[in-house]
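One structure is given below, encoded as structure tokens.
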Protein chains: 2
Amino acid sequence: MRILLVEDETSIANFIKDGLEEEGFAVDVADNGKKGLQMALENLEEYDLLLLDWMLPGISGIEVCRGVRKQNQQLPIIFLTAKDAVDDAVFALETGANDFIRKPFSFEEMLARIRVLLRNKAGEQTTFGYKNIQINLDTHRVVQNGTTVELTQKEFALLEYLLRNKGKVCRRTRIIEKVWDINFDHSTAVIDVYINFLRRKLDQPGATESFITTIRGVGYRINDDA
Amino acid sequence: MRILLVEDETSIANFIKDGLEEEGFAVDVADNGKKGLQMALENLEEYDLLLLDWMLPGISGIEVCRGVRKQNQQLPIIFLTAKDAVDDAVFALETGANDFIRKPFSFEEMLARIRVLLRNKAGEQTTFGYKNIQINLDTHRVVQNGTTVELTQKEFALLEYLLRNKGKVCRRTRIIEKVWDINFDHSTAVIDVYINFLRRKLDQPGATESFITTIRGVGYRINDDA
DNA sequence: GAAATTTTTTAGCCAATTTTAAGAATTCAC
DNA sequence: GTGAATTCTTAAAATTGGCTAAAAAATTTC
């Protein structure tokens, strides 16, 4: 799940970005309206949700919202507005926003609203599994045959991505975008290295095949069970 | 947690009532505005939240809201409005509602919003424990193996948060928000310092592992008791 | 208002994690 | 089979993030 955050105050932007990343979202930040609109339109398919500050230098949040809505009716958009700006809230909804959050907001509130809007897309599932491997997002644990396997953050994120897409090919470029960064060097071999880490930690010793199938020239896939 | 639901359509009212009762709320239903306002005002102290349908026979939801607000500024009020009634939503907020939910809504969405507004209200468990550690919110005491351990306020708050979420990861950003104030400073190392304080006070001398597990890049976790 | 306690900041250290790089192995097309 | 492309594996370098101690700042207590 990739979120575009358009927010000019660096401290707030970082706070939100860090928090959401800890929750497993990928977050890109634009620090002004022009850049925000540009990023949104250029990668319209990439983003699952747009978080828009109301007050922005240059192009305002409303204009960004309008611009995006012209191209895409579906993308969930949430506004961040000042506490008592009731009119702003109305206006935002009229312009096509799906929800708004009044500042100062608690992170939990924001997360609740994001989850509501992403529900159909993301599902709220917090555990995934393949055969004897279970991953749990709440506890941030991976259990295999009843024993915990220690994974690092990146290993965890990669496994989560593969399991979320169990049965489907995960293309290298997609993995780079979702697990690493959208701007990450595509020629890198980190993926290979991390796939290798996962295999070493999770493949059954003596098994002839890995639980992660390599699809040459394309990417990787964890097969459906059975 | 007692909720007053003012809704004239019996089927919807029952659906909401049943659902909320399953979640552990006590729910009273008024099937028109007049009755709703009356019940609300007579038992103002009893209710923790008001769910108000917009369209009501007789006295409208807005009028109920206004009437309640005259007596009580604090009571959280959520409106249920028709899907595209943007103006209604605005109007509701101006009249003093805290939030609104557009119909048709999902039960989860409603629950999420109710929980946000009820956060930090009473009626919760007041003791938590992990192995030999017991924390009591009423007496504000921590007891380990029968002897009281002196904790400062912040130490206590942090331990409380970790224990409330026993078994789950507590992400750094959430800890900062919940235990310290909403505070956009993510560069601080207070958390580390306080985790260290707790460990020094509560870890068994000679133990190989702390009772608080560090999850690098994510946060901390107190494991479920074995 | 001085002393004690609590909270927060700072900074160096260290270890775990992440990334890079490069040679080995495998696969595929011809 | 041969060669090119891709992936695997390993090791080493770079980076990050958490730990700790100590000091500074804020708050409470007497």
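Here, each number is a calculation from the coordinates, and none is a lab measurement. Note that this is a predicted model, so its numbers are computed, not measured. Every residue, glycine among them, receives a Cβ derived from its backbone with ideal geometry; neighbour counts consider all protein chains shown.
Check the straight Cα-Cα distances from A:Lys70 and name the lysines below 22 Å, setting aside those fewer than 8 residues away within the same chain. Filter leaves A:Lys34, A:Lys35, A:Lys121, B:Lys83.
Peptide B:95-103 shows a mean partner chain C-beta count of 1 within 10 Å per residue C-beta.
The long axis of helix B:33-42 is offset from the longest Cα principal axis of chain B by roughly 40 degrees. Using just its DSSP H runs of length 4 or more, each adding -39500 (n - 2.57), chain A gives a mean residue ellipticity at 222 nm of -12500 deg cm²/dmol after division by all residues. For the range A:11-66, what is the relative contact order in percent, using Cα pairs closer than 8 Å and at least 6 residues apart in sequence? Taking the mean separation of contacting Cα pairs over the length of the range A:11-66, I get 30 percent. Beta bridges per DSSP, both residues in chain B: antiparallel share near 50 percent. The Cα atoms of the protein assembly as shown give a gyration tensor whose axes a ≥ b ≥ c have a/c of 1.5 or more with a/b no greater than b/c, which makes the shape oblate. Computed from label points 7 Å out along Cα-Cβ, the spacing between B:Asn43 and B:Asn145 is 5.0 nm. Across peptide A:19-26, the average count of Cβ atoms from other chains found within 10 Å of a residue's Cβ is 3.
Under a Gaussian network description of chain A, with springs only between Cα atoms under 10 Å, the residue in A:Val143, A:Val179, A:Val64 that fluctuates furthest is A:Val143. Could you give the angle, 0 to 90 degrees to the nearest 10, between helix B:61-71's Cα long axis and the longest principal axis of the Cα atoms of chain B? Result, in degrees: 60. Springs join every pair of Cα atoms under 10 Å in this Gaussian network model of chain A, and among A:Leu80, A:Leu52, A:Leu137 the largest mean-square fluctuation is at A:Leu137. For chain A, the longest principal axis of the Cα atoms and the long axis of helix A:10-22 meet at an angle of about 30 degrees. What separates the Cα centres of the range A:34-86 and the range B:46-62 is a distance of 33 Å. In nanometres and ascending order, the distances from the B:Gly146 label point to those of the other copies are 3.4 (point 7 Å from Cα along Cα→Cβ).
Pairs over the 29 Å Cα-Cα cut-off, from the set A:Lys201/B:Lys168; A:Lys201/B:Lys154; A:Lys178/B:Lys154; A:Lys154/B:Lys154: A:Lys201/B:Lys154; A:Lys178/B:Lys154; A:Lys154/B:Lys154.
Sorted shortest first, the separations between the A:Arg174 label point and its copies elsewhere in the assembly read 2.8 nm; each point sits 7 Å from Cα along the Cα-to-Cβ line.
State the antiparallel share, in %, of DSSP beta bridges confined to the protein assembly as shown, rounding to the nearest 5. Of those bridges, close to 50 percent are antiparallel. Between A:Thr126 and B:Asp224, the FRET efficiency from the beta-carbon distance, with R0 = 22 Å, is close to 0.90. When A:Arg113, A:Arg171 are arranged by Cβ crowding within 10 Å, least crowded first, meaning fewest neighbours, the order is A:Arg171, A:Arg113. This ranking places A:Arg216, B:Arg2, A:Arg141 by how few other beta-carbon atoms lie within 10 Å of each, fewest first, which gives A:Arg216, B:Arg2, A:Arg141.
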